[in-house]
Amino acid sequence: FPSHDRAENGPEWIKLYNAASPELKPRIYLQYMTGMRMSEVCNLKWSYVDLVSRKISLPFRNTKKGKGRDIPLYNEVVQFLAGLPKTSEYVLPSRDGKTPIKSYEKQFVRARNSAGLRAEITTHALRRTRLQIWDRIDERASMAAAGHSHEKVHREHYTEVKSDMLQKL
């Protein structure tokens, strides 16, 4: 993961990334760096990516809530995407090189177990971590990039510290 995020993601994320298969690494990197849902990463098309404007524009049909949204891209992500081969309309196609994958959950669990990480480290935790980092900059912008329309939902699920979180600590 990029050096500017090492303080936030700590050694667990580095262990996860290092334990991931070559096929999984770009998927979890992109999910972590953009806060996209796994299904959004799986179905990401090149036509949604604008490297010049440094954003991904997800259309309404590809989001959970059915509302399109723009996701900002760090320079590192722009470089990462620019370096990928364009063999398909999909950014990270399946092994056949042309169609989208359905999920990378099983690969993720294998990497997590191989790294010796807790079960709480999920694909959704990649999204949650990015949104928490962005939330420190601007809550409204974080909500927009996440596709959340209600502050209560955003805070409750992504930014507020709950008592059970402290107990797990």
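Within the bounds of the range 59-79, is there any residue that is at pLDDT 95 or above, of a type in the set (A, V, I, L, M, F, W, C) and either within 18 Å of R37 (Cβ to Cβ) or assigned to a helix (DSSP H, G or I) (or both)? For the range 59-79, residues at pLDDT 95 or above, of a type in the set (A, V, I, L, M, F, W, C) and either within 18 Å of R37 (Cβ to Cβ) or assigned to a helix (DSSP H, G or I) (or both): present.
Going residue by residue through the range 44-57, is there one that turns out to be in contact with a Lys or Arg (Cβ under 7 Å, 6 or more places away or on another chain), crowded, with 17+ Cβ neighbours inside 10 Å and within 16 Å of V91 (Cα to Cα)? Checking the range 44-57: not a single residue is in contact with a Lys or Arg (Cβ under 7 Å, 6 or more places away or on another chain), crowded, with 17+ Cβ neighbours inside 10 Å and within 16 Å of V91 (Cα to Cα).
For the range 80-130, filtering for residues that are part of a helix (DSSP H, G or I), of a type outside the set (F, W, Y) and either exposed (fewer than 14 other Cβ atoms within 10 Å of the Cβ) or at pLDDT 90 or above (or both) leaves 12. Taken over the range 14-28, the criterion of being touching a helix residue (DSSP H, G or I) at 6+ places or on another chain (Cβ under 7 Å), over 12 Å from H124 (Cα atoms) and assigned to a helix (DSSP H, G or I) is satisfied by L16, Y17, A19, K25, R27.
Kindly indicate whether any position in the range 143-152 is open to solvent by 70 Å² or more (accessible area, probe 1.4 Å) and at pLDDT 95 or above. No, the conditions are met nowhere in the range 143-152. Counting only residues that are surrounded by 18 or more Cβ atoms within 10 Å (Cβ to Cβ) and not β-branched (V, I, T), the range 58-79 holds 4 of them. Total residues in the range 16-43 satisfying the condition of being farther than 14 Å from P93 by Cα, polar (S, T, N, Q) and open to solvent by 30 Å² or more (accessible area, probe 1.4 Å): the figure is 2.
Hey, does the range 80-98 have a residue that's free of Cβ contacts under 8 Å to residues at least 60 places away in the same chain and under 22 Å from T129 (Cα atoms)? Within the range 80-98 (the criterion being free of Cβ contacts under 8 Å to residues at least 60 places away in the same chain and under 22 Å from T129 (Cα atoms)), the answer is yes, since at least one residue qualifies.
The values are calculated or read from the model by the stated rules, or taken from the named source; none is laboratory data. Please read all numbers here as calculations on a predicted model, not as lab measurements. As a convention, Cβ positions derive from the backbone with ideal geometry for all residues, glycine included, and neighbour counts pool all protein chains shown. Each accessible area value is taken on the protein alone, full model and side chains, heavy atoms only, with ligands, DNA and RNA left out. Shrake-Rupley method; radii C 1.70, N 1.55, O 1.52, S 1.80 Å.
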